[in-house]
Every structure is written in structure tokens, then in C-alpha cells.
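A short worksheet on the structure shown next.
The values are calculated or read from the model by the stated rules, or taken from the named source; none is laboratory data. Quick caveat, the model's predicted, so the values are computed rather than measured. Don't worry about glycine lacking a Cβ; one is built from the backbone with ideal geometry, like all the others, and counts go over all protein chains shown. Accessible surface areas use protein heavy atoms only, side chains included; no ligands, DNA or RNA. Shrake-Rupley method; radii C 1.70, N 1.55, O 1.52, S 1.80 Å.
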Amino acid sequence: MRYFVFSDIHGNLEALEAVLEVLNEENDCIPICLGDIVGYGPNPHECIQAIRDRNILSIVGNHDRAAIDEVDISYFNPYAKEAVLWTRSILKDSDTDFLRSLPVVRTFGNMTLVHATPCDPHSWNYLFTLFDAQNNFKCFNTQLCFIGHSHSPIIIVQKHSGECWVHPHTVIGVQHDLRFIVNAGSVGQPRDGNPDAAYMIYDDQEGTIEIHRVAYAMRKTQEKMKRHGLPDYLIERLELGR
Ligand code: ZN
């Protein structure tokens, strides 16, 4: 089976559509969304709708929780806070019911799916370093753990001995004696310097994980954000991929 994994859409419909177009061309892929469907972008309702229409297996992110008022947003930066409040004002009841129904962690085959970190997923911590990864490998039992949240794709590998390293490429073979934490990057607001939407394909027959990028109609997203009066900083960062 092949799994088509993506995360952090953040209400960016054009980016989501570009990714779903790729998904449509892939045969027999099971799509998985790792959370933060909303927040920042101009089309939270439409993005939720697109996920629901395709019955995509999803978990919840901190911005999804913030949009339904179930997470403290006092620690959000002022731009994120403004976007959350705007998102709250336009979501429909059916959207909030859907976000409320999503679990924080899900185990699926040999995969653990969690938006932030497998250790204490409700704290919405970030997993940036090998030290963070080493701790987090202790907090799940499956071979693979797929995460989002930082908006930067990364593949971290662990040997039986516990030794970990960052894989320097976007493609890797899934050897049975290794474990993996993989960040799928972000569809709607990449922060790794590449503004294109990110997604990942895990093929359990071939034993491969590949991170891919696809360009989308960013100007259209930016124009909509401008029209809705969303912060300039959030509009500009899309083209910087930062
Ligand atoms: Zn996010």
C-alpha cells in the first residue's frame, strides 16, 4: 500500500488543491492529514470541506484546536492570534464539530500519527533537534512516526542501538531494522525556505519514503488574504517559504 501524507494546510486552498491534484493522479494511495487544516490562510471552511469530501484520515493540530477555542492562544504570536480570531469568526458549526471530532494521536499499521510530538502531544512542543528526536523515539511503539507542526520536512532515523541521525536527502529506504520520525513539511505555509507545498509518499511494499514539493497558485491565496485584511506578514511569508 502507498500512503500519501501531508500536514499544515492552514486554510490555503490553492496549495491544498495542488496537492490533491497530485493525489488524484496517484493510484491506490491512502491519504493521511497530520493536522492544522485551518489557521493563517483565507479558506479554512473550504479546506475542511475538501478533507471531509475525500474522507481523509486526519488528526488534529494546535491551530485546529485554537479555532474551536480548545487551546490557549496567549502564547501565539500576534499574527497567528489575529488569524485564529478571524478563522473562528467564519467557521461554520459543522466545521467546528468536525475539528472537535479529530484525535490527537492515531496509530495506523506501523505508523504513529501525531501533529506535534509523540511525547506529550497535547503540549504542542516542537521537534527540531536530534536530542528532541532521541527522547521522542521512546514515546511510540511503531516503526514509523509521522509528524507536522514545524512546517519543515525532515527525516530522522534511529538504529537499534539508539543512535539517531538526520537523513540528508528527501528519499529514504525503510529498512526493517531502523525506526523513523518523519516531518511531512507543510502544504499551506512552508518554512524551510522553499515556498512550494510539501507532501510525502510512504510505500510499504517498495519500502520507501519520499518527500515531494509542488508549486501552487500562491498569488491567488495572497490576494484573498489581502482582501480579508489578514496580516501582511502572513501574506509575505508565503512567497519566502519562511
Ligand atoms: Zn502548523
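May I ask you to verify whether T170 is within 15 Å of M200 (Cα to Cα), surrounded by fewer than 19 Cβ atoms within 10 Å (Cβ to Cβ) and in contact with a Lys or Arg (Cβ under 9 Å, 6 or more places away or on another chain)? When the stated conditions are applied, T170 passes them. Among all residues of the range 111-121, there is at least one that is part of a loop (DSSP other than H, G, I, E, B), touching a Cys at 6+ places or on another chain (Cβ under 9 Å) and crowded, with 21+ Cβ neighbours inside 10 Å. In the range 127-143, of all residues being part of a loop (DSSP other than H, G, I, E, B) and surrounded by 14 or more Cβ atoms within 10 Å (Cβ to Cβ), the one that is modelled with the lowest pLDDT corresponds to L127.
Any residue that is in a helix (DSSP H, G or I) and in contact with a strand residue (DSSP E or B) (Cβ under 9 Å, 6 or more places away or on another chain) - is there at least one of those in the range 22-39? Yes, the range 22-39 contains a residue that is in a helix (DSSP H, G or I) and in contact with a strand residue (DSSP E or B) (Cβ under 9 Å, 6 or more places away or on another chain).
In summary, F146 fulfils each of the numbered conditions (1) surrounded by fewer than 20 Cβ atoms within 10 Å (Cβ to Cβ); (2) closer than 29 Å to D72 by Cα with the single exception of condition (1). Restricting the search to the range 24-55, which residues are under 27 Å from L234 (Cα atoms) and away from the ligand (no atom under 13 Å from the Cβ)? If the condition is that a residue be under 27 Å from L234 (Cα atoms) and away from the ligand (no atom under 13 Å from the Cβ), then I32, P42, N43, H45, E46, I48, Q49, A50, I51, R52 are the ones that fit. Within the range 77-110, the set of residues being among the hydrophobic types (A, V, I, L, M, F, W, C) and open to solvent by 20 Å² or more (accessible area, probe 1.4 Å) comprises L85, W86, I90, L91, F98, V105, F108. Quick check, is A198 buried (at least 19 other Cβ atoms within 10 Å of the Cβ) and in contact with a Pro (Cβ under 6 Å, 6 or more places away or on another chain)? Against the criterion (buried (at least 19 other Cβ atoms within 10 Å of the Cβ) and in contact with a Pro (Cβ under 6 Å, 6 or more places away or on another chain)), A198 qualifies.
Out of all the residues in the range 153-165, is one or more within 15 Å of the ligand (Cβ to nearest atom) and either in contact with a His (Cβ under 7 Å, 6 or more places away or on another chain) or free of Cβ contacts under 8 Å to residues at least 12 places away in the same chain (or both)? No, the conditions are met nowhere in the range 153-165.
I'd like to know if the range 155-174 contains one or more residues that are of a type in the set (V, I, T) and within 30 Å of N43 (Cα to Cα). Yes. Across the range 50-75, the qualifying residues are those that are in a loop (DSSP other than H, G, I, E, B) and either of a type in the set (S, T, N, Q) or touching a residue at least 60 places away in the same chain (Cβ under 8 Å) (or both), and the one among them that is nearest to D28 (Cα to Cα) is N55.
Residue check: I181 meets all listed conditions (1) in contact with a helix residue (DSSP H, G or I) (Cβ under 7 Å, 6 or more places away or on another chain); (2) more than 22 Å from V166 (Cα to Cα) but one, namely (2).
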